Amino acid sequence: MAKGSVRNSIRRHRFDANEMTQQELADKAGVTRQAIISIESGKYSPSLELAFRIARAFGARLEDVFSWDEGGGE
């Protein structure tokens with residue numbers, strides 16, 4: 001089975017949301033700034049619950065912020 005990965009457009013959404021800081025997003029999502037940094041950089045995939053909270057912080061749908069890459073980026 002091919003390994004996939006979760007992709008995100010958090011950085012773009014933060015920019016589009018009046019340049020929301022990582023700390024502001026973390027506060028809205030109920031996590032640390034370090035968690036947002038790890039998710040945004042692709043080092044960590046969020047739980048489904050956290051992914052929904054992040055998307056809602058932008059007023060966006062889950063699939064507008066996160067996507068599944070079948071190839072895993074390799």
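The values are calculated or read from the model by the stated rules, or taken from the named source; none is laboratory data. All values derive from a computational prediction rather than experimental measurement. As a convention, Cβ positions derive from the backbone with ideal geometry for all residues, glycine included, and neighbour counts pool all protein chains shown. What goes into the accessible areas is simple: the full protein's heavy atoms, side chains included, and nothing from ligands, DNA or RNA. Shrake-Rupley method; radii C 1.70, N 1.55, O 1.52, S 1.80 Å.
With every protein chain present, what is the per residue accessible area of the chain (1.4 Å probe, Å²)?
Heavy-atom SASA per residue in the chain reads 69 Å².
Any number yet on Rg/Rh for the range 21-64, C-alpha, Kirkwood?
On the Cα set of the range 21-64, Rg over Rh gives 0.92.
Need one number: the % of Cα-Cα pairs in the chain sitting beyond the 22 Å mark.
Of the Cα pairs, 16 percent sit more than 22 Å apart.
Looking at 31, 45, 17, which one has the Cα that reaches farthest to the positive end of the dipole of the chain (charges on Cβ: Lys, Arg +1; Asp, Glu -1)?
31
What is the dipole size for the chain, taken about its Cα centre, with +1 at each Lys and Arg Cβ and -1 at each Asp and Glu Cβ, in debye to the nearest 20?
140
Carbon and sulfur: what percent of the chain's accessible surface (1.4 Å probe)?
Summing carbon and sulfur atoms, their accessible area is 49 percent of the total for the chain.
Could you tell me the calculated FRET efficiency between residue 63 and residue 24, based on Cβ-Cβ distance and R0 = 22 angstrom, to the nearest 0.05?
For residue 63 and residue 24, the calculated efficiency is 0.45.
Give me the extension gain from residue 33 to residue 3: residue separation times 0.36 nm, minus the current Cα-Cα distance, reported in nm with one decimal.
Computed gain between residue 33 and residue 3 is 8.0 nm.
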